[in-house]
Each structure stands twice: as C-alpha cells, then as structure tokens.
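Report on the following structure.
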Amino acid sequence: MNAPVDPLREGPGRRVVNGLSVDVEDWFQVGAFEKVIARGEWDAISTRVEDNVARVIDLFAEADVRATFFTLGWVAKRHPAMMRRIADAGHEVASHGYDHARVFTFTPREFAEDIAKARAILEDCTGQAVSGYRAPSFSIDHRTPWAFDVLASQGYAYSSSVAPIVHDHYGWREAPRFAFRPIAGAPLVEIPVTTAILGGRRVAAGGGGFFRVLPYGFSRWAIRQVNRAEGRPAVFYFHPWEVDPDQPRVGLAPLRSRVRHYTGLAKMACKLSDLVHEFAWGRMDAIARREALRAEVIPGLVREPAE
C-alpha cells in the first residue's frame with residue numbers, strides 16, 4: 001500500500017499552497033502613528049481604505065488567487081459595501097479586533113468584549129461566519145497566552161497572531177515556527193506568521209515592512225525554504241495602505257516610524273504581483289484546516305486567565 005500523500009508538500013506537478021492575508025486597517029490606524037494620531041481623531045480623517053482594498057481585490061483577481069482579509073471592526077462598520085465586495089469575490093473575512101488595540105492592553109474580559117464586538121460587525125456586514133482572528137501587531141505573546149483561552153471559548157477555529165521572532169514592537173521567540181495547538185483538548189490552532197532560518201537564527205519573512213524594504217529575492221528565498229526544505233505553507237501578510245504611495249505623510253511621527261511606514265510604497269504593488277503569480281496561495285481558513293492535522297499541543301504554553 002502506498003503511503004498517503006501530503007497535500008501541502010511540493011512534488012511533481014504540485015506546489016505547497018501558502019496562506020495569503022491582508023490586515024485591513026487604514027493608514028492612520030497603524031501602531032507607528034498611535035502616539036501622534038489619537039483614536040478620537042479617526043472619524044475626522046478622510047479614509048483611503050476602500051480604494052486601496054479595491055486595488056488589492058483586483059490584483060488578486062488578475063492572479064486568480066483567494067486570500068483572507070483580517071479586518072478591523074471599526075473599518076467594517078464604516079465600509080459595509082467594501083466588506084460585501086471582499087466576501088463576494090470569494091475571499092475569507094476574519095477578525096483583526098475592533099480598533100487595533102493590542103492584546104496586552106486588555107484584561108481577558110476586555111479582550112473577550114473586543115473580539116465579540118468586532119465579530120458581530122463583520123458577520124453582519126458579510127452574512128458569513130467569522131472563524132479566524134489575527135491580533136493587532138501580532139500581540140499574542142509571552143505576556144498574553146490567556147488570549148488563546150478566550151478565543152477558544154468564543155469558538156474561533158484558528159488564530160494567526162504570533163510572530164515567533166525577536167522584534168522591538170512584537171515577537172514571541174519561544175513560540176513554534178509552525179502551526180500548533182495552544183490548548184490541549186481544544187480545536188483552536190495557532191498559525192504563526194512565517195519566519196525563515198538564516199545563519200542558524202530565525203528571521204522575519206512573512207511580509208509587511210520586511211517585504212517592502214528588502215529585495216524581492218529575499219522573500220522568494222524564504223518562501224522556497226519553508227515550502228521545499230520544510231514542506232510547510234508560508235503565511236504572508238500586508239496592509240492595504242502599503243499599495244498607496246500617495247497617502248498623507250505624518251510629519252510629527254518619529255523618524256524611525258516614518259522610515260518604516262513609507263519606504264517601498266511605490267514598488268509594493270509590483271512586488272505583490274510577482275509574489276502572487278510565482279507561488280500558490282489560498283485562504284487562511286483552508287490552511288488552518290490542513291495544518292490542524294499535524295499541529296501539536298505545546299504543554300505549558302497557556303496559563304489560566306487572570307481574574
């Protein structure tokens with residue numbers, strides 16, 4: 001009898017299907033500007049997210065790929081037609097929380113209220129069930145493993161909220177690089193954003209600013225490493241504002257934040273087009289179902305929620 005074929009591993013005539021995702025937030029809602037643009041000012045700012053999401057949907061349609069749009073409830077509430085267009089194009093709509101508050105700023109009860117509020121808005125806009133979640137700024141880390149318990153209690157099938165690296169804004173370097181089950185006996189699966197191994201060290205390779213700033217060849221090398229050498233799907237993400245080189249400039253933001261935010265915007269759409277044509281891509285819910293078959297429980301990773 002032949003051994004079962006792993007549908008995610010490359011082979012003759014077959015490619016690993018990677019997870020393609022978009023974190024839907026507007027240009028003024030990013031962590032880089034949170035100290036100079038207050039949430040109370042958001043409603044007075046002209047949004048650009050709908051036009052940028054339209055560009056992304058068209059780019060995906062041209063390549064005939066489907067993706068997951070992790071969307072803020074705040075954005076969905078103000079752009080219901082955009083949400084319907086995402087869903088009607090065959091993409092998954094998943095939660096990015098309500099207004100981009102990081103998980104470590106919440107108590108467990110506050111976090112539960114935030115994700116329930118966002119989910120209700122997203123499901124009302126699209127008429128589709130929401131089963132996935134991504135924490136703003138990958139803020140499920142060693143400080144907030146209780147968040148998995150909250151997600152599981154609300155019936156989420158998967159999370160993609162961990163960056164298993166060291167970074168000045170986020171990161172959980174002790175976390176596994178690939179899909180794992182954070183709670184024994186629960187179906188919840190965590191699918192970390194992609195890292196590669198370079199010189200024996202983990203390096204970020206899952207998109208965002210790293211994709212904009214570094215040469216395209218780096219991402220090609222990293223995804224091939226994950227697909228071919230390790231037989232696993234890569235998880236890639238970006239934001240709609242990253243395809244918008246004409247967005248307003250925030251002069252009061254720290255120099256480092258401005259460099260990170262604005263570098264490479266003019267070339268981003270072309271690089272994304274290359275990426276979605278070169279590799280095979282799919283929705284995160286499909287990746288989660290496949291990865292759940294080999295995701296392992298990590299003992300001791302989750303502590304009891306604080307009262």
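The values are calculated or read from the model by the stated rules, or taken from the named source; none is laboratory data. Being a predicted model, the structure only gives us computed values, none of them experimental. Cβ: placed from backbone, ideal geometry, glycine included. Neighbour counts: every protein chain shown. To get the accessible areas, we keep the full protein, side chains included, count just its heavy atoms, and leave off ligands, DNA and RNA. Shrake-Rupley method; radii C 1.70, N 1.55, O 1.52, S 1.80 Å.
Scan region 41-73 for residues that are open to solvent by 80 Å² or more (accessible area, probe 1.4 Å), in a helix (DSSP H, G or I) and more than 22 Å from Val235 (Cα to Cα) and the total you get is 4.
Return a yes/no flag: does region 136-144 have any residue that is out of contact with any Pro (no Cβ under 9 Å at 6 or more places or on another chain), under 25 Å from Ala196 (Cβ atoms) and not in a loop (DSSP other than H, G, I, E, B). So far as region 136-144 goes, yes, one or more of its residues are out of contact with any Pro (no Cβ under 9 Å at 6 or more places or on another chain), under 25 Å from Ala196 (Cβ atoms) and not in a loop (DSSP other than H, G, I, E, B). In region 83-97, of all residues being surrounded by 22 or more Cβ atoms within 10 Å (Cβ to Cβ) and over 15 Å from the mean Cα position of the chain (by Cα), the one that is nearest to Asp114 (Cα to Cα) corresponds to Met83. Among the candidates Trp172, Trp221, the residue that is assigned to a helix (DSSP H, G or I), hydrophobic (A, V, I, L, M, F, W, C) and open to solvent by 10 Å² or more (accessible area, probe 1.4 Å) is uniquely Trp221.
Residues in region 190-211 that are open to solvent by 30 Å² or more (accessible area, probe 1.4 Å) and part of a strand (DSSP E or B): Ile197, Leu198, Arg201, Arg202, Val203. Within region 228-260, the set of residues being under 15 Å from Gly207 (Cβ atoms) and of a type outside the set (Asp, Glu) comprises Pro233, Ala234, Val235, Phe236, Tyr237, Phe238, His239, Pro240, Trp241, Val243, Arg260.
Among the candidates Leu265, Leu252, Leu214, the residue that is of a type outside the set (Gly, Ala, Ser), farther than 23 Å from Ile191 by Cα and loosely packed, with under 14 Cβ neighbours inside 10 Å is uniquely Leu252.
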